[in-house]
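Student: Mind looking over this structure? Questions follow.
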Amino acid sequence: MPAVVSVINYKGGVGKTTLTANIGAELARRGRKVLLIDLDPQASLTFSFYSGPDWERQLADERTILQWYGSVLDGSPAALRKYAVTPPAVNEVVARHSSGRLDLVASHLGLIDVDLDFAANLGGSRFQHGSPRYLSLHHALADALADPDFSEYDAVLLDCAPNFTMVTRTGIVASDHILVPAKPDYLSTMGIDYLRRKLSELVRDYNRVARSNLDQINPTILGVVLTMIQYASSGPITALRNYISQPGALEMPVFHQMIREKKTVFAAAGAVGIPAVLAPNANQTAETVQYELQELTSEFLARIRI
């Protein structure tokens, strides 16, 4: 079955969606079959591959993760595979290089309200351990991804919201690994330690309720990826250097490759539905960003071993 990786940080605006889209696209370019699942109600990952009008016309009413969670809460989970779509623009580029493919389960702005429905199903408390549906609801996404229909994929990347709602918790329970993007600033690095504590609490609480060792979870932290790095001629600017070393001081694994801040490169990519790492006709600045993303993907592959 595919390796499942949640991409999350408690601090928003750290490049979480950018990393998910670009790692997924580069994996596909290298011949892997990749599924991206957008668990964030802001739907930024979805809109990295589909325009607003295309999303409204093709996906919004019947083919998003919102409708799938609705079926879970109704007690009759639909097959998640039927909600996966193949974004055309990025896959046209991928096809020029390999037989890889990038698929997507799109998000929906209405996903923000799903947590209230989870609370009702858990007896009035989102995480009530005594609820008879505690395990089944937490494990719903893991069960869906265990379907043999997903065996064709090499990796599944979950773009999680910057919180620990039930939707996020289902993503963590389904995951083999956690990837943590972080800007080199105080709030972002503080969010890393808080995230680690929340992960530990979820694993502890879930495993207490699990019926056997076979049902228990143990997602591993792949590492922290430092993003939005500002460079001077001699390397990262001085103001960032203490924060760059902070994840290591927290005894968190850290990816060697960092990603520089180039808003124009990433914004242009999102507008055409092709992540920056695959953007054609790149100028020198964009080529530098592409190289960093390619090196990061190589590190990612080495760590998840696919």
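The values are calculated or read from the model by the stated rules, or taken from the named source; none is laboratory data. Note that the structure is predicted; figures quoted are calculated from it, not measured. Glycine gets a Cβ as well: all are built from the backbone with ideal geometry, and neighbour counts include every protein chain shown. Please note that ligands, DNA and RNA were not included when accessible areas were found on the heavy atoms of the full protein model with its side chains. Shrake-Rupley method; radii C 1.70, N 1.55, O 1.52, S 1.80 Å.
Student: How large, in percent, is the carbon and sulfur part of the accessible surface of the chain at a probe radius of 1.4 Å?
Tutor: 49
Student: Here's something else I'd like to know. Counting each DSSP H run of 4 or more residues in the chain as -39500 (n - 2.57), what helix-only mean residue ellipticity at 222 nm follows after dividing by all residues, to the nearest 500 deg cm²/dmol?
Tutor: Helix-only estimate at 222 nm: -13000 deg cm²/dmol.
Student: Ignoring ligands, DNA and RNA, what accessible area per residue does the chain give at 1.4 Å, in Å²?
Tutor: 43
Student: Another question about this same structure. Connecting C-alpha atoms closer than 10 Å in a GNM of the chain, tell me which of His129, His177, His138 has the biggest fluctuation.
Tutor: Comparing His129, His177, His138 in the GNM, the peak value goes to His129.
Student: Would you work out which of Gln290, Val277, Thr189 lies farthest towards the positive end of the dipole of the chain, given +1 charges on the beta-carbon of Lys and Arg and -1 on that of Asp and Glu, about the Cα centre?
Tutor: In the chain, that residue is Thr189.
Student: Now a separate question. With only alpha-carbon atoms in the gyration tensor, what are the semi-axes of the equivalent ellipsoid for the stretch 3-304, in Å, largest first?
Tutor: Values: eigenvalues 185, 115, 55 Å².
Ellipsoid semi-axes (Å, largest first): 30, 24, 17.
Student: How much net charge surrounds Lys16 when only other residues with a Cβ under 10 Å from its Cβ are counted (Lys, Arg +1; Asp, Glu -1)?
Tutor: -1
Student: Still on this structure: Considering Cα pairs under 8 angstrom that are at least six residues apart, work out the relative contact order of the stretch 3-304 and quote it in whole percent.
Tutor: Numbers: 542 pairs, mean separation 80.4, N = 302.
It rounds to 27 percent for the stretch 3-304.
Student: Got a sec to turn the phi values of the stretch 129-134 into Karplus ³J(HN,Hα) couplings, 6.51 cos²θ - 1.76 cosθ + 1.60 with θ = phi - 60°, whole Hz, x for Gly and Pro?
Tutor: In residue order, the calculated couplings are 5, x, 5, x, 9, 4 Hz.
Student: Ok, one more. Under a 10 Å cutoff between Cα atoms, tell me which one of Ile37, Ile221, Ile172 has the largest fluctuation in the Gaussian network model of the chain.
Tutor: Comparing Ile37, Ile221, Ile172 in the GNM, the peak value goes to Ile221.
Student: Any idea what the dipole of the chain comes to, in debye rounded to 20, about its Cα centre with Lys/Arg Cβ at +1 and Asp/Glu Cβ at -1?
Tutor: For this selection, approximately 580 debye.
Student: Beyond 27 Å between alpha-carbons counts as too far, so tell me which of Lys33/Lys82; Lys198/Lys263; Lys11/Lys262 fall in that bin. Walk me through the intermediate numbers first.
Tutor: Values: Lys33/Lys82 16 Å; Lys198/Lys263 31 Å; Lys11/Lys262 20 Å.
Those over the limit are Lys198/Lys263.
Student: Here is a further query. Please name whichever of Thr17, Leu109, Leu122 sits farthest to the positive end of the charge dipole of the chain, dipole taken about the Cα centre and charges placed at Cβ: Lys and Arg +1, Asp and Glu -1.
Tutor: Thr17
Student: OK, next. So which GluC sites (Glu not before Pro) in the stretch 248-306 are both in a DSSP loop and have at most 13 other Cβ atoms within 10 Å of their Cβ?
Tutor: Glu251
Student: Let me ask you something else. Using the membrane-span-like helix rule (whole DSSP H runs, Cα extent along the own axis of at least 24 Å, mean Kyte-Doolittle hydropathy at least -0.5), which helices of the chain qualify?
Tutor: Details: long enough: 186-209 (35 Å, -0.52); 284-304 (30 Å, -0.32).
Result, helices passing both filters: 284-304.
Student: For Lys183, list the aspartates and glutamates whose Cα falls under 13 Å from its own Cα; do not include residues on the same chain fewer than 8 positions away.
Tutor: Glu261
Student: Let me ask something else. Using a Förster distance of 30 Å, how high is the FRET efficiency between Lys263 and Glu56, based on the Cβ-Cβ distance and rounded to 0.05?
Tutor: Efficiency, from the Cβ-Cβ distance: 0.70.
Student: Could you size up the charge dipole of the stretch 1-104 around its Cα centre, putting +1 on the beta carbon of Lys and Arg and -1 on that of Asp and Glu, and report it in debye to the nearest 20?
Tutor: Magnitude of the dipole: close to 520 debye.
Student: Search the structure for amide H atoms under 5 Å from the amide H of Ala78, placed 1.01 Å from N in the peptide plane, and list their residues when 5 or more places away or on another chain.
Tutor: Residues meeting the amide H criterion: Ser71, Val72.
Student: Mean-square fluctuation check for the chain, GNM, Cα pairs under 10 Å: which of Arg211, Arg30, Arg169 is largest?
Tutor: Ranking Arg211, Arg30, Arg169 by mean-square fluctuation puts Arg211 first.
Student: What is the Cα centroid distance between the stretch 195-217 and the stretch 1-33, reported in whole angstrom?
Tutor: Using only Cα atoms to place each centre, the spacing works out to 24 Å.
Student: Can you say what percent of the DSSP beta bridges in the chain, counting only those with both residues inside, are antiparallel? Round to 5.
Tutor: Just about 10 percent of them are antiparallel.
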